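Everything below concerns the one structure shown next.
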Amino acid sequence: MAQLSRTAQKAEANMVAIEADRCAIAQLHSTVNSLLQVFNFAGIVTELREIRSEIRGLRTESQHILEHLFGRQENGK
């Protein structure tokens, strides 16, 4: 009878440990998801900065083209 009682106590302790592990795994999963969201956001911000830089370059190039075209028209008049 004592052996059965010890086995039941060990089983109960194992169930408590398993539940604690489940909670820890759930928290880890949540943390990983949060980190991925932060990483993705940082990646998006980097891409947006690169796009803004490209847009500035295109604006500058467009401005040079317009100045060149209008400069020719004014000189041709």
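Some observations on this one:
- Against the test of being surrounded by fewer than 10 Cβ atoms within 10 Å (Cβ to Cβ) and of a type outside the set (S, T, N, Q), the options ALA17, ALA26, ALA2 yield a single qualifying residue, ALA2.
The rows are residues; the columns are (1) open to solvent by less than 100 Å² (accessible area, probe 1.4 Å); (2) aliphatic (A, V, I, L, M); (3) out of contact with any strand residue (DSSP E or B) (no Cβ under 9 Å at 6 or more places or on another chain).
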position	(1), (2), (3)
PHE41	no, no, yes
VAL45	yes, yes, yes
ILE51	yes, yes, yes
GLU54	no, no, yes
LEU66	yes, yes, yes
GLY71	yes, no, yes
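- Meets criteria (open to solvent by less than 70 Å² (accessible area, probe 1.4 Å) and modelled with pLDDT under 95) for SER62: no
The values are calculated or read from the model by the stated rules, or taken from the named source; none is laboratory data. What you are looking at is a predicted structure, and each value in this text was computed from that prediction instead of being measured. A quick note on method: Cβ atoms are made from the backbone with ideal geometry, for glycine too, and the neighbour counts reach across all protein chains shown. Keep in mind that these areas ignore ligands, DNA and RNA; they rest on the heavy atoms of the full protein, side chains included. Shrake-Rupley method; radii C 1.70, N 1.55, O 1.52, S 1.80 Å.
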